[in-house]
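Below you'll find the structure, written out as structure tokens, and then a few comments.
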Amino acid sequence: MSSENIGKHAIPAGQENAHIKAADYDRLYAESVNDPEAFWGREGKRLDWIKPFTKVKNTDFTFGNVSIKWFEDGVLNVSVNCIDRHLPARADQTAIIWEPDNPSDPAQHITYAQLSENVNRMANVLRDLGVRKGDRVVIYLPMIPEAAYAMLACARIGAVHSIVFAGFSPDALANRINDSGAQILITADHAPRGGRSTALKSNADQALLNCSDKVKCLVVKHTGDQTTWTEGKDIDLKALMADAGTECEPEPMGAEDLLFILYTSGSTGKPKGVVHTTGGYLVYASMTHEYVFDYHDGDVYWCTADVGWVTGHSYIVYGPLANGATTLMFEGVPTWPDAGRFWEVCAKHKVNQFYTAPTAIRALMGKGPEFVEKHDLSSLRLLGTVGEPINPEAWNWYDEHVGKGKCPIVDTWWQTETGGHMITPLPGATETKPGSATVPFFGVKPEILEAESARPVTGNPAEGVLCIADSWPGQMRTVWGDHERFMETYFQQYPGYYFTGDGCRRDEDGYYWITGRVDDVINVSGHRMGTAEVESALVAHEKVAEAAVVGYPHPVKGQGIYAYVTLMNGVEPTEELRAELEKWVRGEIGPIAKPDLIQWAPGMPKTRSGKIMRRILRKIAENDYGSLGDISTLAEPEVVDDLIENRMNRG
Ligand code: WTA
């Protein structure tokens, strides 16, 4: 169905008190892009500054010269903005509701006073261990309150955190520790999830075998189950916190000092460390959290992401806490003990705003509406999605069964690199269309360019690659340790623009529809995975000669991982080997990288110069072999027939 045929959904009733109303959007948007100094100068004041900024924007997208600075002469501390400044009015208000994996274990309600105490204690522990401003700390934790304490403790003393999702393998963890040069790793004994438990500490032990022996391992004894323990190297974090002082002087930070590094997959090479700084990032996270979720004092807000991803950074911890909100942290999974868990938690804690990924909605939709209907969802006022395009069927199911037709749905398009929402409805201002992220947020200037010519496509409708024409405060500043790579990845191909890597359509009404990645990144259950990473994991196996990985449409995950594998001469392709390779990739990267389909490929379609033609592999994986295009430039066109003959997902 074309976008023009899908009707707009009117703004649901009850949005009269929304922060941004329909009448405000056009005026504020125009100001934000025409006079960013005035607009952001005002929004910058939503934070408490130790030394107020006098400069607002100083940004340059020129390739070779890219530099992004916001509020550059301001001085602040992020943890003070997320904690201390709320204490006079909200010491006893719940900051974090922690819902454990097992529903029969008690939830915790952590007040702002308790958050302050825990963060200060942990900050003192880190300082006592010699951690100073600018030092990196890697965090490898499950979804427990200590993950938030660790982030804020780093922010308090000016250390730069780098969170590694607890589902990543020891190798992936070691690479990130080494690339960031961290000398502190914070982990936990075990990570319960969905009734099972991952031995996180033993993953950490394995990772540290490949790191400098200077790296200290701080362990949160979370489940209390047995782990290995090396005296002198492993440190019991909770025990040190119990002895530490409850006041830790915050480090004054320049607005452009680093807040965190978060590794994310790109189209080539190893994951890159996306760098975010303190001032602009926090202004942007706070503002988008308030306006996009229409957060009001007293609301209970829940984002189901993991703090290992950017969504958890901006919309579980920094945005909500900067706004003095009550934010829910969930340790478990949507389908355990049953497919009603999300809704049970919403009912139990009277959640007002609920934010999740389309893949979760599709998975739950498949289990039937009875799991939703048995819970009281009357507290819900707003629903959100993020991570991948949402298909209209899933949108409508969410609207009807979860929102009961009464909740605005915000489909928020953004990226690790953008720090916060970029294209999204505002609940009191924007009519929605199922599947469209709708219109740009304040200060965001999307532009659709012709992929080949790099010419802007003006007028509507338009289709091409999505670029952004000017900077916004939440934008990443550089790639950790490699500013050249930053410029080459995002500013070279389309000069003068930030290139998002996404394809996009703009319809007759000027609404944006993200069509998915145009580079070699695939989006599996809303998680970014570089095809190059999975390929290098596969070829690291002794029986694999060559591997090519592409994405294909998957009914629940959005995209699945399709791997073409050429085995070493003389190696038999067997089902056992297939299972072994799946396990191998899980071990090399983590469960999220496990190929969904592995096809044995005696030959790959290559150009005469030896380059694999992924376009063809993608078409075969998509079952779209009728439109392979020109294959005459292939060195051996007949390999294509074999690949089609043996394709894995026959439709
Ligand atoms: C995709 C997650 C369509 C997109 C915050 C982007 C989306 C990548 C949406 C970034 C959405 C994210 N509609 N596609 N609402 N949100 N994406 O860095 O391809 O993990 O480039 O950030 O996810 O993924 P990342």
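The values are calculated or read from the model by the stated rules, or taken from the named source; none is laboratory data. Bear in mind the structure is a predicted one, so any value in this text is a computation, not a measurement. Neighbour counts are summed over all protein chains in view; Cβ atoms, including those assigned to glycine, are modelled from backbone coordinates with ideal geometry. We work out accessible area using only protein heavy atoms, side chains counted, and drop any ligands, DNA or RNA first. Shrake-Rupley method; radii C 1.70, N 1.55, O 1.52, S 1.80 Å.
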Could you name the lysines whose alpha carbon sits less than 23 Å from that of LYS272, not counting residues in the same chain fewer than 8 places away?
LYS69, LYS133, LYS594
Taking only C-alpha pairs under 8 Å that are 6+ residues apart, what is the relative contact order of the stretch 464-561 in percent?
20 percent
Student exercise, the stretch 478-574 dipole from Lys, Arg, Asp, Glu Cβ charges, in Debye to nearest 20
220 debye
Before I look further, what does the stretch 179-269 give for accessible area per residue, probe 1.4 Å, in whole square angstrom?
47 Å²
Simple Cβ-charge dipole of the chain, Lys/Arg +1 and Asp/Glu -1, about Cα centre, in debye nearest 20:
480 debye
Taking the chain and counting helices only, DSSP H stretches of n ≥ 4 at -39,500 (n - 2.57) each over all residues, the nearest-500 ellipticity at 222 nm comes to -8000 deg cm²/dmol
Hey, if you put +1 on the Cβ of every Lys and Arg and -1 on every Asp and Glu Cβ in the chain, which of VAL410, ALA107, CYS217 ends up farthest toward the positive end of that dipole?
CYS217
Given a Förster radius of 22 Å and the C-beta distance between LYS221 and GLU247 as r, what FRET efficiency does 1/(1 + (r/R0)^6) yield to the nearest 0.05?
0.35
Name all residues of the stretch 189-209 having a backbone nitrogen under 19 Å from the label point set 7 Å from the Cα of LYS583 along its Cα→Cβ direction, giving them as ranges.
197-199, 203
Cut-off under 5 Å, modelled amide H: who pairs with ALA547 long-range:
THR566
Treat each spin label as a single point 7 Å out from the Cα along the C-beta direction, and report the ALA38 to GLU638 distance in nm.
7.2 nm
Fraction in percent of alpha-carbon pairs per bin - 10 Å, the stretch 165-315:
9, 29, 36, 23, 4
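Run the numbers for THR59 and LYS270: contour at 0.36 nm per residue of separation, minus the present Cα-Cα distance, in nm. It would help to have the intermediate numbers written out before the result.
Values: separation 211, 0.36 × 211 = 75.96 nm, distance 2.74 nm.
This chain segment gains 73.2 nm when fully extended.
Report, in listed order, any pair from LYS51/LYS445; LYS350/LYS445; LYS201/LYS270 with a Cα-Cα distance greater than 26 Å. Don't jump to the answer; show the numbers that get you there.
On the way: LYS51/LYS445 30 Å; LYS350/LYS445 36 Å; LYS201/LYS270 24 Å.
Among LYS51/LYS445; LYS350/LYS445; LYS201/LYS270, the Cα-Cα distance tops 26 Å for LYS51/LYS445; LYS350/LYS445.
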By how many nm would the segment from ASP624 to GLU572 grow when fully extended, if each residue of separation counts as 0.36 nm and the alpha-carbon distance is taken off?
15.9 nm
Post the alpha-carbon centroid distance, the stretch 316-351 to the stretch 602-651, in whole angstrom.
45 Å
Pop a pseudo-label 7 angstrom from the Cα along the beta-carbon direction at both ALA89 and ASP26 and give the gap in nm to one decimal.
3.3 nm
Roughly how many nanometres apart are two label points built 7 Å out from the Cα toward the Cβ at ARG196 and ASN646?
3.0 nm
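How much FRET efficiency would the formula 1/(1 + (r/R0)^6) give for ASP236 and SER536, where r is the Cβ-Cβ distance and R0 is 41 Å, rounded to 0.05? Intermediate values should be presented prior to the final figure.
Numbers: r = 37 Å, r/R0 = 0.90.
Here the calculated transfer efficiency is 0.65.
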Paramagnetic reach from LYS348 in the stretch 359-396 [backbone N under 18 Å; point 7 Å along Cα→Cβ]:
371-380
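Full-extension gain between LYS51 and ASP509, please, as 0.36 nm times their residue separation minus the C-alpha to C-alpha distance.
Details: separation 458, 0.36 × 458 = 164.88 nm, distance 4.36 nm.
Full extension of this stretch gives 160.5 nm more.
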Rolling a 1.4 angstrom probe over the protein chains, ignoring ligands and nucleic acids, what is the accessible area of THR223 in square angstrom, nearest 10?
50 Å²
With every protein chain kept in place and ligands, DNA and RNA left out, what is the accessible area per residue of the stretch 449-545? Probe 1.4 Å, answer in Å².
38 Å²
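Taking the solvent-accessible surface of protein heavy atoms with a 1.4 Å probe, what is the per residue accessible area of the stretch 305-356 in Å²? Mind showing how you got there, number by number?
Details: 930 Å² over 52 residues.
On a per-residue basis, the stretch 305-356 sits at 18 Å².
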What list of ³J(HN,Hα) couplings, whole Hz, do you get for the stretch 623-633 from phi and the Karplus terms 6.51, -1.76, 1.60, once you set θ to phi - 60° and write x for glycine and proline?
6, 10, 7, x, 10, 6, x, 6, 10, 6, 7
Per residue of the stretch 341-350, what does 6.51 cos²θ - 1.76 cosθ + 1.60 with θ = phi - 60° give for ³J(HN,Hα)? Whole Hz please, x for Gly and Pro, Karplus curve as stated.
4, 3, 6, 4, 5, 4, 5, 4, 9, 6
For the chain, what % of the accessible area comes from carbon and sulfur atoms, probe 1.4 Å?
48 percent
Output wanted: per-residue J couplings in Hz (rounded whole) for the stretch 204-220, from phi through Karplus 6.51 cos²θ - 1.76 cosθ + 1.60, θ = phi - 60°, x for Gly and Pro.
5, 4, 5, 4, 5, 4, 9, 10, 4, 6, 6, 5, 8, 10, 8, 10, 7
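Can you tell me what percent of all Cα-Cα pairs in the stretch 347-421 are more than 15 Å apart? Mind dumping the intermediate values first?
Details: 1516 of 2775 pairs.
It works out to 55 percent of all Cα pairs.
What's the FRET efficiency of LYS133 with ASP297 using the Cβ-Cβ distance as r and R₀ = 30 Å, to the nearest 0.05? Each step should come with its number before you reach the end.
Numbers: r = 33 Å, r/R0 = 1.11.
The pair LYS133/ASP297 has a calculated efficiency of 0.35.
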In vacuo Debye sum over C-alpha of the chain, base-10 log of normalised intensity I(q)/I(0) at q = 0.09 Å⁻¹, listed in q order, is -0.75
